[in-house]
Amino acid sequence: MLKILGRVLLALAVALSLAAAVVHFRYEAHRRERIAFDPPEISLPTDAASLAEGRRLVQVKGCYDCHGADLSGRVFADAGPVGFFAGANITPAGATKDYGVRDWVRAVRYGLNPEGRKLIFMPSTEFAQLTNEDLGKIIAHLRTAAPVQNQPAALSVGPLGKVLYLAGKFPLMFQAELIDRTAVPLESLAPSTEPVYGKYMIASCTGCHGADLRGGPIPGVPPEWPPASDLTPTGRVQTWTLQQFATAVKTGTKPDGQQINPAYMPWTSFAAMTDVEIEAMYRYIRSQ
Ligand code: HEC
Ligand code: HEC
């Protein structure tokens, strides 16, 4: 009996370490791949109003949630076997200190560092479609932000993170693999309450609520996080008034008085959205 059990256990151990080796090998191939890509130059504004708008956009687009309130980097997801994720220091004293404008565009819009390495958990699919005008304001603000000396903790991907990624269940891993580098971004888009502008704004919500806004478990975060809610016509948000929607998105308070934990949904960032932006998103999700 014991002998058989011993053999079974041995076979299992061999199978497991083989599987682990295969996962590691396949993951490493993706991690090591470099993508050489020189995005077109964009022009940066220098006037005070555009720089102030750039600061607001940095907040609305959630850069603070992962890069910290002073942009010097922070741990935003300590997700056990999935991994340990920290945003880079993106102040002029950090990882971006030698960045040219093209480097900024490559990182924010395409998820690649200057050497063509695919950034991990940097949600560039949300930023890829930003207009040149909005991206220019964001970059202009970041380049003039206060330099902060800080070396954020090193990011690491755990065994479960690698398995999830290889199974196609962790789209936030290497977003550079998901972005169409031949798409030509719009030069600008005038803010309005029209659904077309709502679609533009709601890209900020797709990292958690999904590209189709159907919600569900958020890939790559610790298991205690609640699933993101369904924002499509099958979700309860469809029955909410514009005011109720605005209150939930900007203060985290739902119509039933329940509070959304800002660690799970970054409404502290969305608080800087304008009424026009909120109404456009509201009209967009109701037009689906
Ligand atoms: C969901 C979390 C998250 C959000 C939101 C986010 N980032 Fe990142 N970002 C990261 C992580 C993690 C890294 C480090 C990735 C790596 O080194 O592989 C990163 C890296 C970067 C880098 C590259 C730095 C380097 O090492 O060269 C830049 C630039 C950057 N982010 C800018 C931004 C800007 C601008 C925004 C807002 C528009 C933003 N990020 C929003 C997570 C995020
Ligand atoms: C970092 C992840 C994340 C992002 C980004 C995010 N959400 Fe959420 N959202 C969640 C989670 C998680 C919940 C569920 C919270 C709960 O149940 O307490 C939620 C809940 C909601 C709700 C409540 C719906 C309901 O039925 O209770 C609304 C409305 C909402 N989100 C809108 C948005 C909008 C609009 C955006 C983009 C501007 C957005 N969210 C971006 C994670 C996110």
Of all residues in region 16-70 being hydroxyl-bearing (Ser, Thr, Tyr) and within 16 Å of ligand 1 (Cβ to nearest atom), the one that is nearest to residue 269 (Cα to Cα): 64
Any hit, region 187-203, residues being loosely packed, with under 14 Cβ neighbours inside 10 Å, touching a residue at least 24 places away in the same chain (Cβ under 8 Å), away from ligand 1 (no atom under 16 Å from the Cβ) and under 21 Å from the mean Cα position of the chain (by Cα): no
Check on residue 211, open to solvent by 50 Å² or more (accessible area, probe 1.4 Å), hydrophobic (A, V, I, L, M, F, W, C) and either at pLDDT below 95 or more than 16 Å from ligand 1 (Cβ to nearest atom) (or both): yes
Filter result (surrounded by fewer than 19 Cβ atoms within 10 Å (Cβ to Cβ) and within 15 Å of the chain's Cα centre (by Cα)) within region 127-154: 129
Of all residues in region 169-182 being open to solvent by less than 50 Å² (accessible area, probe 1.4 Å) and not in a strand (DSSP E or B), the one that is farthest from residue 128 (Cα to Cα): 170
Test: residue in region 229-238 that is in the same structural domain as residue 205 (by TED's automatic domain parsing), modelled with pLDDT under 95, open to solvent by 40 Å² or more (accessible area, probe 1.4 Å) and assigned to a helix (DSSP H, G or I): yes
Helices (runs of 4 or more DSSP H) fully within region 16-126 counting 1 or more residues that are surrounded by 21 or more Cβ atoms within 10 Å (Cβ to Cβ), in contact (Cβ under 8 Å) with a residue 24 or more places away in the chain and among the aromatic types (Phe, Trp, Tyr): 101-110
Filter result for residue 220 (surrounded by fewer than 19 Cβ atoms within 10 Å (Cβ to Cβ), on the phi > 0 side of the Ramachandran plot and more than 9 Å from ligand 2 (Cβ to nearest atom)): no
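The values are calculated or read from the model by the stated rules, or taken from the named source; none is laboratory data. Computed from a prediction, not measured in an experiment: that's the story for all the values here. For neighbour counting, all protein chains shown are included, and Cβ atoms are generated from backbone atoms with ideal geometry for every residue, glycine included. Note: accessible area is taken over every heavy atom of the protein model, side chains too, but ligands, DNA and RNA are not part of it. Shrake-Rupley method; radii C 1.70, N 1.55, O 1.52, S 1.80 Å.
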